[in-house]
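J.: Encoded as C-alpha cells, here's the structure I'll be asking about.
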Amino acid sequence: MKVGIVGAGMVGSAAGYAIALRGGASEIVLVDKSEALARAQAEDIAHAVPFAHPCQVRSGGYERLEGAAIVILAAGVAQKPGESRLSLLSRNAEVFAQVIEGVQKAAPQAMLLVASNPVDVMTEVALRASGLPAGQVIGSGTILDTARFRWLLGDHLGIAAQSVHAYVLGEHGDSEVLGWASARAGAITVGEFAEQVHAPITEEVRARIDEAVRRAAYRIIEGKGATWYGIGAGLARIVQAVRDDQRAVLSVSVVTPLVEGVEEVALSLPRVVGAGGVLTTLIPDLDPSEAAALRASAEMLKDTALGIR
Ligand code: ADP
C-alpha cells in the first residue's frame, strides 16, 4: 500500500519512520513546501529500511501521491510553548485548503488521515474541503491521549498497557474526557483490578493520572519543543488497521452525526477502523460527570468549527 505524508516536519517524519519500522506500507512519499526537508527526511527514513521491512521511501511534489491509498496530513505551523491547540486553528486552516487541493488532484480517492492541530477542527476542515465520506477523513484525535491513559493505568496496576482497555474521549486537547467508568483491565473494571492487586485508585491517583494525560503535551513541549514519537506511532497504528482491514477499536476523530445532543461534530470516540476507514462508532458507558464533560467538549468543538465556516 502506498502512503503519502504531506508535512515532513517532526510529526510527519516520525509517522513515516514508524510506518517503515512496522512494515506498514510498500511505498511512502513525503511532500513538504520545503522540498529539501522532504528529501532529507525521505533519505534518512530510507536508511532505516534495511533494518526493517522492504519499502520505497521517496519525496517529491503532490503528483508523486498518485495511487496513494492514504495520505497523512501533518502540514502546518507548530504549537508554541503554552499555546492552546485551538489558537493554532486559523493559521492551520489556511494551510489545509491549499494542501487538500494538491492531494486531491493527484489522489482523489485517498483516505485522509489528519494529524495537524487542533486535530478535531482540522478533521472537519478536511472533510468539508475534500468531499469524501466522513469515515474516510480520520483525525488522529485522542489515539495518543488514550495511549498515555493506558500507559499510566498499566504502570499503576503493574500490567502491560496493552491489557488496559480505556479511552480518552472528545477533544484532543484541554476539554478531553478520560473514560474512567468504561475502563477495564483484563475483563474487570480498573477499580476492581486495582483492589485485587492492592493498588487502589484513590482520588489522588485518579487526579494524578488525569493531570498527567491532560498536561502531557504541554510538559513535553516545555522540555523538547514539540511531541512526535508517540503521535508518529499512533498514526502508523491507524495506517496498519486500514491496510490490513484489522477492524481495530481505536479512539480517532471523525465528524459524527450526534454526540450527547450535539450534531455533526468531529471528536474522538472508540471506533472500528478497517479497510474502509471508520466502519462503526461505539458509545462507551459514561457516568453523569463524564457525559456532561463530553457534551461540553462537543459543544466547544462545534462552536469553534462553526466560527471558521
Ligand atoms: P510538527 O511538529 O507538527 O510536525 P513542524 O513544523 O515540524 O510541525 O512540521 C510542519 C511541516 O509542515 C513543516 O515541515 C512545514 O514546512 C510544512 N508545511 C507548512 N505549510 C505547508 C504547505 N502549505 N504545504 C506543505 N507543507 C507545509
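The values are calculated or read from the model by the stated rules, or taken from the named source; none is laboratory data. These numbers were taken from a predicted model, which means no experiment stands behind them. Cβ coordinates were reconstructed from backbone atoms using ideal geometry, including for glycine residues, and neighbour counts include every protein chain displayed. Surface accessibility is based on the protein's heavy atoms, side chains included, excluding ligands, DNA and RNA. Shrake-Rupley method; radii C 1.70, N 1.55, O 1.52, S 1.80 Å.
J.: Go through the range 97-119 and count every residue that is away from the ligand (no atom under 13 Å from the Cβ) and either in contact with a His (Cβ under 9 Å, 6 or more places away or on another chain) or of a type in the set (A, V, I, L, M, F, W, C) (or both). Steps first, answer last, please.
T.: So the first thing to find is which residues in the range 97-119 are away from the ligand (no atom under 13 Å from the Cβ), and the list is 104-113.
Now narrow it down to the ones that are either in contact with a His (Cβ under 9 Å, 6 or more places away or on another chain) or of a type in the set (A, V, I, L, M, F, W, C) (or both): 106-107, 110-113.
Total meeting the criteria: 6.
J.: Residue by residue through the range 277-307, note down the ones that are more than 19 Å from Leu250 (Cα to Cα) and open to solvent by 70 Å² or more (accessible area, probe 1.4 Å).
T.: Selection gives Pro288, Ser289, Arg295, Glu299, Asp303, Leu306.
J.: Can you pull out the residues in the range 251-276 that are more than 23 Å from Tyr218 (Cα to Cα) and open to solvent by less than 20 Å² (accessible area, probe 1.4 Å)?
T.: Hits for the range 251-276 are Val254, Val255, Thr256, Val259, Val262, Val265, Pro270, Arg271, Val273, Gly274.
J.: Hey, another quick one. Evaluate the following for Lys105: is it modelled with pLDDT of 90 or more, out of contact with any strand residue (DSSP E or B) (no Cβ under 9 Å at 6 or more places or on another chain) and basic (Lys, Arg)?
T.: yes
J.: While we're here: Only one residue in Leu21, Leu30 is among the aliphatic types (A, V, I, L, M), in contact with a Lys or Arg (Cβ under 8 Å, 6 or more places away or on another chain) and either under 21 Å from Thr123 (Cβ atoms) or outside the structural domain of Asp245 (by the TED database) (or both). Which one?
T.: Leu30
J.: Could you list, in sequence order, the residues of the range 193-221 that are surrounded by 12 or more Cβ atoms within 10 Å (Cβ to Cβ), farther than 12 Å from Leu152 by Cα and of a type in the set (Asp, Glu)?
T.: Glu195
J.: Moving on. Given the conditions (1) more than 14 Å from the ligand (Cβ to nearest atom); (2) within 23 Å of the chain's Cα centre (by Cα), and given that Ala15 satisfies all but one, which numbered condition is not satisfied?
T.: (1)
J.: So is Ala233 touching a strand residue (DSSP E or B) at 6+ places or on another chain (Cβ under 7 Å) and at negative phi or not?
T.: So Ala233 does not fit the description; no.
J.: Take the residues in the range 1-31 that are open to solvent by 30 Å² or more (accessible area, probe 1.4 Å) and in contact with a helix residue (DSSP H, G or I) (Cβ under 7 Å, 6 or more places away or on another chain), then tell me which one is nearest to Ala75 (Cα to Cα).
T.: Val11
J.: Scanning for something open to solvent by 50 Å² or more (accessible area, probe 1.4 Å), more than 9 Å from the ligand (Cβ to nearest atom) and either touching a Lys or Arg at 6+ places or on another chain (Cβ under 9 Å) or farther than 17 Å from Tyr17 by Cα (or both), does the range 43-50 turn up at least one residue?
T.: no
J.: Which residues, taken from the range 222-241, are open to solvent by 10 Å² or more (accessible area, probe 1.4 Å) and not small (Gly, Ala, Ser)?
T.: Once the filter is applied, which keeps residues that are open to solvent by 10 Å² or more (accessible area, probe 1.4 Å) and not small (Gly, Ala, Ser), the range 222-241 yields Glu222, Lys224, Thr227, Trp228, Tyr229, Ile231, Arg237, Gln240.
J.: Quick one: would you say Ala126 is open to solvent by 10 Å² or more (accessible area, probe 1.4 Å), within 15 Å of the ligand (Cβ to nearest atom), touching a residue at least 40 places away in the same chain (Cβ under 8 Å) and not basic (Lys, Arg)?
T.: Numbers: open to solvent by 10 Å² or more (accessible area, probe 1.4 Å): no; within 15 Å of the ligand (Cβ to nearest atom): yes; touching a residue at least 40 places away in the same chain (Cβ under 8 Å): yes; not basic (Lys, Arg): yes.
Here the answer is no, as Ala126 does not meet what is asked.
J.: Scan the range 63-96 for residues that are open to solvent by less than 60 Å² (accessible area, probe 1.4 Å), near the ligand (Cβ under 9 Å from one of its atoms) and aliphatic (A, V, I, L, M) and jot them down.
T.: Those that are open to solvent by less than 60 Å² (accessible area, probe 1.4 Å), near the ligand (Cβ under 9 Å from one of its atoms) and aliphatic (A, V, I, L, M): Ala74, Ala75, Val77, Val95.
J.: While we're on this one: For Trp151, are the conditions met, namely being closer than 18 Å to Pro270 by Cβ, in a helix (DSSP H, G or I) and open to solvent by 10 Å² or more (accessible area, probe 1.4 Å)?
T.: So Trp151 passes the test.
J.: Among the residues of the range 76-135, how many are hydroxyl-bearing (Ser, Thr, Tyr) and either within 14 Å of the chain's Cα centre (by Cα) or on the phi > 0 side of the Ramachandran plot (or both)?
T.: 2
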